[in-house]
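Single-structure report; data block below.
Every number here is computed from the coordinates shown, using simple stated rules; none is lab data. Small disclaimer: the values here were computed from a predicted structure and weren't measured. Counting neighbours? That spans all protein chains shown, and the Cβs are built from the backbone with ideal geometry, glycine included.
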Amino acid sequence: MAEQTVDGLRSELRKLTVLKGTAPEFDPSSAPDSPMELFGEWFLLAVRSGVTEPHAMTLSTADADGRPSARVLILKDVDSAGWHFAISTLSRKGRELAARPFAALTFYWPELVRQVRVSGPVVADPPAVAAADFRARPPGSRQMALTRRQSQPFSDPAELDEALEHAHQELAATPNLVPDEWLSYAVRPEEVEFWQGDSQRRHQRLRYSAEGDSWSRTRLWP
Ligand SMILES: Cc1cc2nc3c(=O)[nH]c(=O)nc-3n(C[C@H](O)[C@H](O)[C@H](O)COP(=O)(O)O)c2cc1C
């Protein structure tokens, strides 16, 4: 049975195509000096082009032994400090970032055949940034965060109901409450790679590498 499933997937997978989107013009030789600026241009085009959830990105971390894990998160901002996201320090990703403060982010915008990769150390934002992020979250999101148990084993829905009810009361009593474990991080980029896919596989790749306060740019073989 297991073999049949694998066979079935293999043939299904062979039928699928990739890089079907419409690739916009991209000339690496006239790219801006900073990767933040190019990311801004690409991101705004993704929004205007109707890319599905362009702010969803894969956050990769590693545990203390160097074992990687990855999950999708929402981008909160991009500025001179880097790419920002907010998480609970109690979650797996939160524990991993505390043990190893380095991360990689991956964006994929299939409609534009574009990928962006960002990597570097993570730096905690000032508490006011995390507080503003938390207070702007919808009530359900804040209540879930206040259960303080993300990524722990789950077995009993009644226990979740009870924890949510408790969180609801906590928020009702203190509407501006921000849990201590809510943290906003910035990935301070050491490398940012922009990848413009091409159906003929002549992909355009441009990597920015941090050099002190400036950036060097290198084109990469497809
Ligand atoms: C589109 C999308 C958006 C998500 N946004 C968030 C988010 O903003 N914050 C969050 O904690 N988890 C978010 N998740 C869930 C995470 O992928 C992940 O399951 C969760 O954070 C637990 O990860 P961890 O066990 O590695 O800590 C999102 C998932 C998807 C698919």
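To the nearest 10 degrees, how steep is helix 157-173 against the longest Cα principal axis of the chain, on a 0 to 90 scale?
80 degrees
Give me the net charge for the shell around Thr147: Cβ to Cβ below 14 angstrom, other residues only, Lys and Arg +1, Asp and Glu -1.
Its environment carries a net charge of -3.
Assigning unit charges at the beta carbon (Lys, Arg +1; Asp, Glu -1) and nothing else, what dipole magnitude in debye, to the nearest 20, does the chain show about its Cα centre?
So the magnitude is around 680 debye.
Sort 66-76, 180-190 by the packing proxy (mean of other Cβ within 10 Å over each peptide's residues), most packed first.
180-190, 66-76
Calculate I(q)/I(0) for the range 21-145 by the Debye formula, one identical point scatterer on each C-alpha and no solvent, and give its log10 at q = 0.09 Å⁻¹ to two decimals.
-0.29
Could you state the principal axis extents of the C-alpha atoms in the chain, from the largest down, to the nearest angstrom?
Over the chain, Cα extents along the principal axes are 57, 57, 39 Å.
Cβ under 13 Å from Trp109's Cβ, Trp109 left aside: what net charge do those residues give with Lys, Arg +1 and Asp, Glu -1? Intermediate results must be reported in sequence, preceding the final value.
Details: positive: Lys20, Arg48, Arg114, Arg117; negative: Glu41, Glu53, Glu111.
It works out to a net charge of +1.
Could you give the alpha-carbon Rg of the range 167-222 over 2.2 N^0.38 Å, rounded to two decimals?
Working: Rg = 21.4 Å, N = 56, 2.2 N^0.38 = 10.2 Å.
Expressed relative to 2.2 N^0.38 Å, the Cα Rg reads 2.11.
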